[in-house]
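Okay, so here's the structure we're looking at.
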Amino acid sequence: MKRLTGKTKEATLIEMSNTLDSQIEGNNGSINSISDRGTQLPGHREIDKLGQNRDSVYFRDGVRRIDFVLSYVDDKDGDKKAESDDRKTYYLKIHAPWEVLATYADVLKIKVPFKASDIPKAREVPLEWLTHPFRLPDNIMRPEPDYFTAPFDKSKVDFFLIDDKDTFFPPSTRNRIVYYILTRCPYYKEDRKEKDKTGINRLLNNGTYTSAYPLHDCKYWKKAQDMQCESERYHLYRYWARFLCFYKEQPLNLIKKYYGEKIGIYFAWLGFYTEMLFFAAVMGVICFVYGVLSYEDNITSKEICDPQIGGGIVMCPLCDKKCSYWKLNSTCLSSWQSHLFDNEGTVFFAIFMGIWVTLFLEFWKRRQARLEYEWDLVDFEEEQQQLQIRPEYELKCTGRRLNRITQEMEPYLPFPSKCARFCLSGATVLFWTCLIVACIMGVIAYRLAVYAAFASVMKDSPTSKIQLVGSLITPQLATSVTASCINFVIILILNFLYEHVAIWITDMEIPKTHLEYENKLTMKMFMFQFVNYYSSCFYVAFFKGKFVGYPGNYTYMFGKWSKLRNEECAPGGCLIELTTQLLIVMAGKQMVGNVQEALLPLLRNWWGSRKGRSHPESAYSRWEQDHDLQNFSQFGLFYEYLEMVIQFGFITLFVASFPLAPLLALFNNILEVRVDAWKFTTQFRRPVAAKARNIGAWEEILNVVAILSVVTNAFIMAFTSDMIPRLVYLYAYHPGSEATMRGYITNSLSFYNISQIPESNLPEAGENPSWFNSSTITTCSYRDYRYPPGHEKQYTHNMQFWHILAAKLAFIIIMEHVVFVVKFFVAWLIPDVPTEVKARIKRERFLVQEYLHNYEVEKLKMQLSQSFCLSTETASLLPSSPSKHQVLSECI
């Protein structure tokens, strides 16, 4: 499309306004656009003579509000004076008059008040004074009085509580209506119809306009000078966005009023999730403290560290050629570390988390139901808002067919085209999933290859010379940490690349509705992120050390020709390595996410407004200040949900390996709430208000993750942890009559005759330590349950192996059934909607029907009496007469 000049842009908006006028049947209302050049759109007198308050959202007459601003760059308008610092950026200020607002409020079925609520407030909770330090002022928590509401009907204007038409619709509703119109207005000429020339989004994409946004009501650090302005942005910053308010409750009603219900629901969910994390974090700390306190009672670690027991056990090499024989007591430190997370308390914590997830989801449903009632979303139908056909769908789908329900022609996508697009989309997602798997395989190959290198370099313990941490560094730890860091970098790179691919393939599918678009994008992104973030943890938890083989018959990753022998777990199990992997990926993601969310917008805004800061404050207009802020994209809230849901997966799917994960998540979310609030209030332009009654497809994803977490934690406790083998030994294989863990280490190891080890598996000359003497040491140990050399079933699994396997399977079945039974019982026991809310909803519906009925009856009486009354009595029914309100008040 050819770039438009400034005058053409004005003409474009005039045509959009004319189109709008034709859509409003018989009304004179239109959207007014007031630019710096004094242009007026049809339907109103010239306004620029009144002048503009540069730091206000009102024009100088103090009545007409600037509902929306469009900006564009034009370096050819030399005869006009631009308002910006670059002298090239122009601003079109849009005001929606009453007729437009009333018409589209009727179309969108926006609920408005018609009577003050007479339902008494909830009683005070006992000991409520304990929560006073966490409370905010009542005018901040409840910025609006409670009303009974009903969908707006333009034909029944006198039914609603309209004191002032200019302030009846709040700013969030006004900008929502204006944006709805702008996204659907065509801008082609009548004599040359081009159906694709529709909506402000296309004008933004092709560069005709550079931005479109509603205005903040004031500066965030001080109140507006205009007394008509409520300074809601200032109150949000003062009571919500500052980090010093981290212990305070969130002003959800004010958030909803200023930003709309969709953003309000997000912060309500995030706050509730953070509150529930507190209980999980407390239990996790208790579990960790138990591991610390039982440190000295850990007989297994004492035996490993004992020079006579662990120091006398010679272990087989962990890799070919470069790895030497080693003594068991060299893993003394890692065995103590494993005990901190792999102890008896971990089992109970895993069961607790399975129940906690259910309580979190069920109580959130109740909180959500209460918000639906308080925010007038109970009767909100998705078809009215989210199921509106997307303008992109109408433009790209040229075919038309009859809708059997509405009996109207509507656009549709032919089935062959839909199948082709779906197959291409599926193939693209499959390709990227395979790419992730290939990257994980590469990281695993790195682990196998670099372990031998680390083992060879560290054979004489050169790292012990490093101060403080030198003695802690082992080949296993070095391999695990470096591989986890590399994997995390790969995760970030793949995420960056796939984000654009996911949006592209979702657009290619041409979803019909906004809700369908969001759901498809949500599923694609989450499936990719699930594989990307969790695949490495799944490998360590369920694959590492499970397919190793034994000396003389080792298993290799790509066959023996690759010489990449599968990794073995330490004598204490792979749980500590899973903990390391989870800690690096989870903590790294949170740190990178906080830097991206807080630092990058701050730097961008600082750079963008560097010229404006040099000007006097009075010359830096409200629309210029907001123009210099970052744009809040349509995917902004999507990424916020995605970040939290991925974190939710970390603290549920693998929490058995790291009980402190909920504590880290709690600290992060306390910061996340305030960082997000600070971004919305200070760094982003004001988003267009949108309605939503719930968190959408994320709720189903959370349910799936909750169910999957029970399975993963059961398998972690059974196959990754060393808990089940220890219990089997304690109750079935302990020596003597007293149940004890003494001798467990020796019992958990098998022996192999060194003379039978193939040459390809033996260490190279010079790799063996000085204490190793092949003439006196004839066997080496390895972690498995197999018959010893010389037995008729040598090197095959013994009965203890099968007993332990049976115990692991039994534990999985029992734990899953116990947790699932409790989950379903709790879900059945706790109703999704509180009884009190149900009663209030029923009462409000009853009152609405009753008042509407009485209103219609009284209106009919007034119409019938009009023909018989005197002229003075007839005049009392006119809208300008004060007595009309008295008549209606008696009716209501």
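The values are calculated or read from the model by the stated rules, or taken from the named source; none is laboratory data. Bear in mind the structure is a predicted one, so any value in this text is a computation, not a measurement. When we count neighbours, we look across all protein chains shown, and the Cβ atoms used for this are built from the backbone with ideal geometry, even at glycine. Quick note on the areas: whole protein, heavy atoms, side chains included, nothing else; ligands and nucleic acids left out. Shrake-Rupley method; radii C 1.70, N 1.55, O 1.52, S 1.80 Å.
Residue-wise test of (1) acidic (Asp, Glu); (2) under 21 Å from the mean Cα position of the chain (by Cα); (3) part of a helix (DSSP H, G or I).
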residue	(1), (2), (3)
Asn694	no, yes, no
Glu700	yes, yes, yes
Val710	no, no, yes
Ala714	no, no, yes
Leu727	no, no, yes
Tyr731	no, no, yes
Glu738	yes, no, no
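One residue is enough: does segment 363-371 have a residue meeting the conditions within 27 Å of Arg845 (Cα to Cα), aliphatic (A, V, I, L, M) and in contact (Cβ under 8 Å) with a residue 24 or more places away in the chain?
Yes - at least one qualifying residue is present in segment 363-371.
If we keep just the residues of segment 676-692 that are closer than 22 Å to Val592 by Cα and open to solvent by less than 20 Å² (accessible area, probe 1.4 Å), which is nearest to the chain's Cα centre (by Cα)?
Among those residues, the one meeting the criterion is Asp676.
For segment 138-157, which positions are within 33 Å of the chain's Cα centre (by Cα) and in a helix (DSSP H, G or I)?
Scanning segment 138-157 gives Asp138, Asn139, Ile140, Met141.
Listed here are the residues, each with its yes/no results for (1) over 24 Å from Asn553 (Cα atoms); (2) in contact with a strand residue (DSSP E or B) (Cβ under 6 Å, 6 or more places away or on another chain); (3) at pLDDT 90 or above.
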residue: Thr712; (1), (2), (3): yes, no, yes
residue: Pro735; (1), (2), (3): yes, no, no
residue: Glu738; (1), (2), (3): yes, no, no
residue: Met741; (1), (2), (3): yes, no, no
residue: Leu749; (1), (2), (3): no, yes, yes
residue: Ser770; (1), (2), (3): yes, no, no
residue: Ser775; (1), (2), (3): no, no, no
residue: Ser781; (1), (2), (3): no, yes, yes
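Which residue out of Phe648, Phe658 is out of contact with any Ser or Thr (no Cβ under 8 Å at 6 or more places or on another chain), buried (at least 21 other Cβ atoms within 10 Å of the Cβ) and not charged (D, E, K, R)?
Checking each option against the conditions leaves just Phe648.
Go through (1) on the phi < 0 side of the Ramachandran plot; (2) surrounded by fewer than 22 Cβ atoms within 10 Å (Cβ to Cβ); (3) small (Gly, Ala, Ser) for Ala541 and report which single condition fails.
(2)
Go through Thr406, Thr428, Thr479, Thr398 for me and flag whichever is modelled with pLDDT of 80 or more, over 26 Å from Cys574 (Cα atoms) and of a type in the set (Ser, Thr, Tyr).
Thr428
Considering only segment 410-437, state which residues are more than 30 Å from Tyr539 (Cα to Cα), of a type outside the set (Gly, Ala, Ser) and assigned to a helix (DSSP H, G or I).
Going residue by residue through segment 410-437, those that are more than 30 Å from Tyr539 (Cα to Cα) are 410-422.
Next, only the ones that are of a type outside the set (Gly, Ala, Ser) stay: 410-416, 418-419, 421-422.
Within segment 410-437, Phe415, Pro416, Lys418, Cys419, Arg421, Phe422 qualify.
Please tell me if Ile745 is within 27 Å of Phe352 (Cα to Cα) and β-branched (Val, Ile, Thr).
Details: within 27 Å of Phe352 (Cα to Cα): no; β-branched (Val, Ile, Thr): yes.
No.
What pairs can you find where one residue is in segment 589-605 and more than 17 Å from Arg685 (Cβ to Cβ), the other is part of a helix (DSSP H, G or I) and open to solvent by 30 Å² or more (accessible area, probe 1.4 Å), and their Cβ atoms are less than 7 Å apart, with a gap of 6+ or different chains?
As it stands, the answer is Val592/Leu492; Asn594/Leu671, since those pairs meet every condition given.
Hey, can you tell me all the residues within segment 756-800 that are under 27 Å from Lys546 (Cβ atoms) and among the aromatic types (Phe, Trp, Tyr)?
Tyr782, Tyr785, Tyr787, Tyr795 - these are the residues of segment 756-800 that are under 27 Å from Lys546 (Cβ atoms) and among the aromatic types (Phe, Trp, Tyr).
Scan Glu850, Glu858 and give me the residue that is without any contact (Cβ under 8 Å) to a residue 60 or more places away in the chain, in contact with a helix residue (DSSP H, G or I) (Cβ under 7 Å, 6 or more places away or on another chain) and in a helix (DSSP H, G or I).
Glu858
Restricting to segment 158-177, what's the tally of residues that are in contact with a helix residue (DSSP H, G or I) (Cβ under 9 Å, 6 or more places away or on another chain), open to solvent by 40 Å² or more (accessible area, probe 1.4 Å) and assigned to a helix (DSSP H, G or I)?
Selection size over segment 158-177: 3.
To keep it simple, each residue is scored yes or no on (1) among the small types (Gly, Ala, Ser); (2) part of a loop (DSSP other than H, G, I, E, B); (3) under 32 Å from the mean Cα position of the chain (by Cα); (4) at pLDDT 90 or above.
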{"residue": "Tyr179", "(1), (2), (3), (4)": "no, no, yes, yes"}
{"residue": "Lys219", "(1), (2), (3), (4)": "no, yes, yes, no"}
{"residue": "Trp240", "(1), (2), (3), (4)": "no, no, yes, yes"}
{"residue": "Lys248", "(1), (2), (3), (4)": "no, yes, yes, yes"}
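Have a look at Tyr147, Tyr91 and point out the one that is touching a residue at least 24 places away in the same chain (Cβ under 8 Å) and open to solvent by 30 Å² or more (accessible area, probe 1.4 Å).
Exactly one residue qualifies, and that residue is Tyr147.
Looking only at segment 260-280, decide whether some residue is among the polar types (S, T, N, Q), assigned to a helix (DSSP H, G or I) and either touching a residue at least 24 places away in the same chain (Cβ under 8 Å) or open to solvent by 50 Å² or more (accessible area, probe 1.4 Å) (or both).
yes
If Lys321 meets every condition in (1) at negative phi; (2) modelled with pLDDT under 85 apart from one, which number is that one?
It is condition (1) that Lys321 fails.
Among the candidates Lys560, Lys520, single out the residue that is over 30 Å from Leu762 (Cα atoms) and either surrounded by fewer than 19 Cβ atoms within 10 Å (Cβ to Cβ) or without any contact (Cβ under 8 Å) to a residue 24 or more places away in the chain (or both). Break it down stepwise before answering.
On the way: Lys560 fails: over 30 Å from Leu762 (Cα atoms).
On inspection, the qualifying residue turns out to be Lys520.
Considering only segment 314-355, state which residues are part of a strand (DSSP E or B) and either open to solvent by less than 10 Å² (accessible area, probe 1.4 Å) or more than 30 Å from Gln756 (Cα to Cα) (or both).
Selection gives Met315 alone.
I'm checking my understanding of the structure. Among residues of segment 751-779 that are of a type in the set (Phe, Trp, Tyr) and within 54 Å of the chain's Cα centre (by Cα), which one is most open to solvent (accessible area, probe 1.4 Å)? So that I can check it myself, show each step before the final result.
Of all residues in segment 751-779, those of a type in the set (Phe, Trp, Tyr) come to 751-752, 771-772.
Retained after the next criterion (residues that are within 54 Å of the chain's Cα centre (by Cα)): 751-752.
Working: Phe751: 80, Tyr752: 14 Å².
If we take residues in segment 751-779 being of a type in the set (Phe, Trp, Tyr) and within 54 Å of the chain's Cα centre (by Cα), then Phe751 is most open to solvent (accessible area, probe 1.4 Å).
What's the number of the only condition in (1) closer than 26 Å to Tyr451 by Cα; (2) in contact with a helix residue (DSSP H, G or I) (Cβ under 6 Å, 6 or more places away or on another chain) that Ser330 fails to meet?
With (1) closer than 26 Å to Tyr451 by Cα; (2) in contact with a helix residue (DSSP H, G or I) (Cβ under 6 Å, 6 or more places away or on another chain) applied to Ser330, the lone miss is (2).
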